[in-house]
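Asker: Right, I'll just put the structure down here and ask away after.
The values are calculated or read from the model by the stated rules, or taken from the named source; none is laboratory data. Keep in mind the model is a prediction, meaning the values are calculated, not measured. Here the Cβ positions follow ideal geometry from the backbone for every residue, glycine too, while neighbour counts run over all protein chains shown. These area figures cover heavy atoms from the full protein model, side chains too; ligands, DNA and RNA do not enter into them. Shrake-Rupley method; radii C 1.70, N 1.55, O 1.52, S 1.80 Å.
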Amino acid sequence: MMAAGMDPRSSWSRTTPADLERSLFLPGAGGFLAVGAGGEALGCVGYRPDGEATLTLNKLATRPGARGQGVGRLLVREVEHVARMGGYERILLAVSQYNLDVLPFYRRLGYVRCDEPYAHAHPASPPPVVLVKEVRGEQTP
Ligand SMILES: CC(C)(COP(=O)(O)OP(=O)(O)OC[C@H]1O[C@@H](n2cnc3c(N)ncnc32)[C@H](O)[C@@H]1OP(=O)(O)O)[C@@H](O)C(=O)NCCC(=O)NCCS
């Protein structure tokens, strides 16, 4: 995550190992690490349930040297697979106001903007853009 080069104003850059532990080890929560042929980390993603219908995707990052090769898309697809297997209706995620350049990436993967507030927004940060994708009934590609 920290190698992703996020804007230092985003709450992402203040994430601590304790924050990660709290988020990734909740019941029903988890994540994936994409690993290269030599065992090096290429990217990561996390997820956590927010109610029965929603799986929240978070902490998506790929190393700058590994970008543009489909690793980010693969990590998102894995979380979508978890959502379908778990019977969730949709994936929700938040994009920091300091990271709006990433919106086209999610649009390509079928995510659309919605107006609801983000439950895990950092109180000291501007409200993020919330994106959702319905996954119920969708076939795994
Ligand atoms: C966003 C991020 C995870 C994308 O990772 P990646 O491994 O480069 O993504 P992929 O190679 O799987 O890209 C999938 C597609 O999206 C496109 N894409 C990737 N980043 C894009 C961007 N910023 N804008 C538009 N398109 C983008 C790719 O060209 C590719 O297109 P294709 O379908 O024609 O092949 C990576 O840029 C990153 O870690 N950014 C910093 C952290 C971050 O912003 N995380 C998201 C927090 S909400």
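Asker: Across region 61-88, what is the number of residues that are of a type in the set (D, E, K, R) and open to solvent by less than 70 Å² (accessible area, probe 1.4 Å)?
Answerer: Matching residues across region 61-88 total 2.
Per-residue answers, yes or no, for (1) farther than 24 Å from residue 33 by Cβ; (2) out of contact with any Phe, Trp or Tyr (no Cβ under 9 Å at 6 or more places or on another chain); (3) without any contact (Cβ under 8 Å) to a residue 40 or more places away in the chain:
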position	(1), (2), (3)
64	no, yes, no
70	no, yes, yes
88	no, yes, no
92	no, no, no
100	yes, yes, yes
119	yes, yes, no
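Asker: If you go through region 25-45 one residue at a time, how many are assigned to a strand (DSSP E or B) and either in contact (Cβ under 8 Å) with a residue 24 or more places away in the chain or open to solvent by 50 Å² or more (accessible area, probe 1.4 Å) (or both)?
Answerer: Residues in region 25-45 being assigned to a strand (DSSP E or B) and either in contact (Cβ under 8 Å) with a residue 24 or more places away in the chain or open to solvent by 50 Å² or more (accessible area, probe 1.4 Å) (or both): 10 in total.
Asker: Would you mention how many residues in region 52-88 are within 8 Å of the ligand (Cβ to nearest atom) and on the phi > 0 side of the Ramachandran plot?
Answerer: Residues in region 52-88 being within 8 Å of the ligand (Cβ to nearest atom) and on the phi > 0 side of the Ramachandran plot: 3 in total.
Asker: Give region 1-24 a look and list any residue that's part of a loop (DSSP other than H, G, I, E, B), more than 11 Å from the ligand (Cβ to nearest atom) and within 16 Å of the chain's Cα centre (by Cα), or say none. Spell out how you get there, then give the answer.
Answerer: Residues of region 1-24 that are part of a loop (DSSP other than H, G, I, E, B), as a first pass: 1, 5-10, 15-16.
Pick out the ones that are also more than 11 Å from the ligand (Cβ to nearest atom) and you get 8-9, 15-16.
Result: 15, single match.
Asker: For region 51-79, how many residues are out of contact with any helix residue (DSSP H, G or I) (no Cβ under 9 Å at 6 or more places or on another chain), among the charged types (D, E, K, R) and within 22 Å of residue 10 (Cα to Cα)?
Answerer: Matching residues across region 51-79 total 1.
Asker: Continuing with this model, one more query. Does region 89-117 hold any residues that are outside any helix (DSSP H, G or I), within 11 Å of the ligand (Cβ to nearest atom) and open to solvent by less than 70 Å² (accessible area, probe 1.4 Å), and which are they?
Answerer: Answer for region 89-117, where residues must be outside any helix (DSSP H, G or I), within 11 Å of the ligand (Cβ to nearest atom) and open to solvent by less than 70 Å² (accessible area, probe 1.4 Å): 93, 94, 95, 96, 99, 109, 111.
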